[in-house]
Amino acid sequence: MTISKIGEGIANGKIILLGEHSVVYHQPSIAIPFPAVQIKTTVASQTGKTKIDCDFYHGLIEEMPELLESLKETIRVCLERLEQTKTPLHLTIESSIPAERGMGSSAAVAVATTRALFDYFDTPLSQKELLEIVDISEKIAHGNPSGLDALMTSSSIPYYYIKGEPFQPINLHLNAWLIVADTGITGQTKEAVTSVAKKLNGPDQDQYKIKIDELGVLALQGKIALEKNQPLLLGKQMTMVHQLLQQLDVSNQTLDLLVQIALQNEALGAKLTGGGRGGCMIALAKDEKTAQKISHALKEAGAKKTWLYEMRDPDEE
Ligand code: MEV
């Protein structure tokens, strides 16, 4: 086997347009890759023991803190599958995806690292195997992952996704702009996912099951809005999703404030994105000028960072 001196793997951020949390319960969801933020893992040869350099830790892999357990497990599983558990390596992870902000950083680091390790050992990696490995790591990070983050951080096109079913590419025909705003507050995906699970097993479970079903219907309808260039409808659906997520107790005051500010500044709709209780929110705008105005208002209201994303109809020049 030829071993390349450097292995490289890249993964992008992701934005969930519709369906976070309900996707865990096999309801439809829609997400887009968000390449404005990325993670790159590089693997090189090393003498002695395997070591890692990333934003949160520099040192031996065997001494990695518990916080990075899911990454450690990704590396362990990959090396086991590659039959290279005894080969010392030097892994370097560079990331522009803010951690725990609903942009899929935990899945992205697993995707980039898996790709880099397979690349280093010159071994082909199918999308199926990649998703299997990332799922193991995401189970540690999130408890009960839907698989959506793993799919989206490893993809370059938007998908309609139902857990356990084949994922469907979306034929995006929408002329609108998306504004992504970071609250600067660390999200709590694991806690939020656990809290929704408790509600669905608690005394008011029927009431919460209805909300999960409603989120699924909105994602199903959102697919049509995206494919038929109906930004007004998509905006309304996004705001309705935010209200349902509030009722599931996965929003927080800052997210609610930023959603309200976006709506007061001509957003067609706005919602939290990802696990919630911090992290990022998104807003939809009819054109670039309005998107700039919303972005400015969100920053004035305390958003730490914003990104603009043109969701242009690919058929239009
Ligand atoms: C987290 O980005 C999205 C959730 O729906 C969890 C999951 O899909 O695994 C909250």
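The values are calculated or read from the model by the stated rules, or taken from the named source; none is laboratory data. Note that the structure is a prediction, hence the values are computed from the model and not measured. Ideal geometry is used to build each Cβ from the backbone, glycine not excepted, and the neighbour counts take in all protein chains shown.
Computed quantities for the displayed model
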item: Residue check for ILE133: buried (at least 17 other Cβ atoms within 10 Å of the Cβ) and in contact with a Cys (Cβ under 7 Å, 6 or more places away or on another chain); result: yes
item: Single residue of ALA225, ALA192, ALA267 found to be crowded, with 20+ Cβ neighbours inside 10 Å, under 19 Å from the mean Cα position of the chain (by Cα) and touching a residue at least 40 places away in the same chain (Cβ under 8 Å); result: ALA192
item: Conditions (1) buried (at least 20 other Cβ atoms within 10 Å of the Cβ); (2) of a type outside the set (Lys, Arg); (3) at pLDDT 95 or above; (4) within 14 Å of the ligand (Cβ to nearest atom): number failed by THR113; result: (4)
item: Scan of the range 119-153 for residues that are within 14 Å of the ligand (Cβ to nearest atom) and in a loop (DSSP other than H, G, I, E, B), ordered by number; result: GLY143, ASN144, PRO145, SER146, GLY147
item: Residue tally, condition more than 10 Å from the ligand (Cβ to nearest atom) and closer than 29 Å to ALA116 by Cα, over the range 12-28; result: 3
item: Out of THR50, THR85, sole residue that is at negative phi, surrounded by fewer than 13 Cβ atoms within 10 Å (Cβ to Cβ) and touching a helix residue (DSSP H, G or I) at 6+ places or on another chain (Cβ under 7 Å); result: THR85
item: Residue match in the range 41-63 (condition: in contact with a strand residue (DSSP E or B) (Cβ under 8 Å, 6 or more places away or on another chain), within 13 Å of the ligand (Cβ to nearest atom) and not hydroxyl-bearing (Ser, Thr, Tyr)); result: no
item: Helices (runs of 4 or more DSSP H) wholly inside the range 192-306 containing at least 3 residues that are within 14 Å of the ligand (Cβ to nearest atom); result: 205-227, 231-247
item: Odd one out for LEU215 among (1) in contact with a Leu (Cβ under 6 Å, 6 or more places away or on another chain); (2) modelled with pLDDT under 95; result: (2)
item: Evaluation of PRO65 against (1) touching a residue at least 24 places away in the same chain (Cβ under 8 Å); (2) farther than 30 Å from VAL180 by Cα (one fails), failing number; result: (1)
item: Pairs, first under 23 Å from TYR309 (Cβ atoms) and of a type in the set (S, T, N, Q) in the range 142-170, second near the ligand (Cβ under 10 Å from one of its atoms) and assigned to a loop (DSSP other than H, G, I, E, B), C-beta under 6 Å, six or more apart; result: SER146/LYS163; THR153/GLY104
item: Qualifying positions in the range 299-317 - modelled with pLDDT of 95 or more, on the phi < 0 side of the Ramachandran plot and more than 21 Å from the chain's Cα centre (by Cα); result: LYS299, GLU300, ALA301
item: Test result for THR42, buried (at least 24 other Cβ atoms within 10 Å of the Cβ) and more than 17 Å from the chain's Cα centre (by Cα); result: no
